[in-house]
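Right, one structure below, let's go through it.
The values are calculated or read from the model by the stated rules, or taken from the named source; none is laboratory data. Keep in mind it's a predicted model, so treat the numbers as computed, not measured. Counting neighbours? That spans all protein chains shown, and the Cβs are built from the backbone with ideal geometry, glycine included. For accessibility, only protein heavy atoms count, side chains too; no ligands or nucleic acids. Shrake-Rupley method; radii C 1.70, N 1.55, O 1.52, S 1.80 Å.
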Amino acid sequence: MTTVHASGHAIDAEAAHAFPRPLGAFDGEEPPDWEGILDCVHCGICLPQCPTYRVLGQEMDSPRGRVYLMRAATEGRIGLTENFVLHMDRCLGCRACETACPAGVPFGRLIEETRGQIERKVPRTLGRRLMGRLLLGVFPERQRLARVLALTRLYQRSGLQRLVRGSGLLRSFPRVGAMERLLPALPARSANRLPAETLPPSGPHRGTVALLEGCVQALLFPDVNRATVSLLARAGYRVVVPDGQGCCGALHLHWGDRAGGRARAQQNVAAFADADWIATNAAGCGAALRDYGHLLGDDPRARVLAARVRDVTELLAEHLPGPRRPLDLTVTYHEPCHLAHGQRVREAPRTILRAIPGLRLVELSESDLCCGSAGVYNLMEPEIAGQLLVRKLDRIAATGAGVVASGNPGCLLQLRRGLADRGLAVRAYHPVELLAWSVEGTPPAERG
Ligand code: SF4
Ligand code: SF4
C-alpha cells in the first residue's frame, strides 16, 4: 500500500515504518505511537464494531477515522483543532476496535497517548477543567470519596434528594445531574477497609492472591469485594489486601493525565511486589494494571506485575469453590469492554455462572458492545452514552432474564440506573455475587 511520508514523498507502508517518526502537531512527550498508527491498513473491519460509529455513523467517529486523524496530526497536515479534539473526546476507549482489527493496531494506547497530548497542549473550557478536577480529585482518592459519599448518604436520606429531583434544578447542570442519577441508594453505613490478611484458605493451597480493592468498587460495591475474598479463600487461595495500594490510574489515563496515571502505577508496583497473582474484580482496573509494563517501560517490576494480573473470575473458573446450591434464576451476561476487549477474558465469567446449578445462562445479543458507561464517559458525553444504554436495555429485555451479570462497577451503575429508569424487573449483579449466593446461601443485598 502506498502512503505519504511527512516529507511529502510517496512510499510504501513497509518503508514508512523505517522512517524516523515525525511529530507534527504533537510534542516529544509520549506522542501516539507512530508504528501503531502505521499498522492501520484502512480495511474498515473495525467500523461495525465501534459503538460511536454505530451511533453517529461518521467516519471520523470510527477507529479508522480516528487513526487517520492521529496520522494527519503526526505528519503535520492538521493541528490539534477543535474538530480533532471532538472526535477524540467522543471515543469511549472501549477497545472493541482492537478485538476486531486484523492488523493489531494498539488503539487503546493510541487514544490514551493522544489524550495525554491534548490535555497538555489544548486549552479546555472552564467547565471541563472543573469537571476534571472534581472527578480526578475525588473518585481515585478513597478518603475524599468516602467523605463525598457520606454527604451523599445524608442528601439521599434527609429527603433533600426528592426535593432537588422534583424541582428540576439539575436540568440546568446536565453533568452533575447525570452523576446524581448514577449513584445508587447508599447503605446506612459506609464500607470498612478489608483486613490486610483475610480468611484462611480452605482445601489444597493454590497460592497467594493480592486483591486490588479499587476505589468505586470498595466504597459503592463492598459486597463484591467481600464475596471475592470469601470465594477465593474457599477455592484454596490465601488472600491478602496490601496496605500501600491505591487507585489503578485508569481514570487518569482515560482523562489524559499521564503523569497521574503513572504515579498510581508506581505506587501499586511497590505495593503488589510479593503475590503470586494480583486479582481484580473491576474490569477497568484490571485492564489498567495489565498495561503497567507499557506505561512504566523502564521499570521491569511493572512487567512482572502486569503478567500476574488476573480477573477474579479467571482464578475461580480454574478452581471452583463449593458445594454450590441451586439458584432458580435466568441470567444474561453483559461483557465489560475492559474485560472482553481490554483483557480478552470472555469465557471465565460465563464458566462460573454455568457452574451454578439451576441457573440458566441466556446469551445477550451484542453482549460485548459498550453500555455507555466507559469510565466517566456517561458523565461527559451523556447523549451518546444514553443511546448506547437504550440499545443495551432493549437487548437485555429481549432475553427475558431476571438478572444481568457484569464484572465492572461502572457497568453495574449504568445498567442499574437504566433498568430502574425504564422500570424493568431485572437486577444487575457482579458474577461473583451470584456465585457467592450459591455457595453461601445468602442473596446479595438489594440496591437501587
Ligand atoms: S475504542 Fe471503542 S469507541 Fe473508540 S474507536 Fe475503538 S471501538 Fe470506537
Ligand atoms: S480494523 Fe485495524 S487496520 Fe482495519 S481500519 Fe480498523 S484499525 Fe485500521
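Structure above, values below:
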read-out	value
Rounded percent of accessible protein surface that carbon and sulfur make up, the range 392-448, 1.4 Å probe	51
Efficiency of FRET between R360 and L130 - r from beta-carbon atoms, R0 35 angstrom, step 0.05	0.15
J(HN,Hα) series, the range 21-34, from Karplus relation 6.51 cos²θ - 1.76 cosθ + 1.60, nearest Hz, glycine and proline x	5, x, 10, x, 6, 8, 10, x, 8, 6, x, x, 4, 4
Mean Cα-pair separation over length for the chain, i.e. relative contact order, pairs under 8 Å, 6 or more apart, %	14
Residues of the range 413-448 with amide N under 18 Å of the 7 Å Cα→Cβ point at R226	428-448
Which of V362, V390 is most accessible, then next, and so on - probe 1.4 Å	V390, V362
Distant alpha-carbon pairs in the range 68-125 (separation over 18 angstrom), percent	34
Magnitude of the charge dipole, the chain, Cβ model with Lys/Arg +1 and Asp/Glu -1, debye to 20	1660
The range 283-430 - accessible surface per residue (Å², probe 1.4 Å)	36
Candidates F84, F221, F272: whichever shows maximal mean-square fluctuation once the chain is modelled as a Gaussian network with Cα springs under 10 Å	F84
L86 paired with A445, simple spin-label distance in nm, labels 7 Å along Cα-to-beta-carbon	4.5
Directionally averaged shadow of the range 282-413, computed from the convex hull of its alpha-carbon atoms, nm²	8.9
Inter-label distance, nm, simple model (7 Å from Cα along the C-beta direction), L56/A146	4.0
Compactness of the range 365-448, expressed as Rg and Dmax over alpha-carbon positions, Å	13.0, 41
Extension gain from D394 to I45, taking 0.36 nm per residue of separation minus the Cα-Cα distance	123.1 nm
Principal axes of the chain: Cα extent on each, largest first, Å	69, 57, 41
Of all accessible heavy-atom area on the range 26-181, the percent that carbon and sulfur account for (1.4 Å)	56
Principal axis dimensions, largest first and in whole angstrom, of the range 211-298 by Cα	38, 28, 19
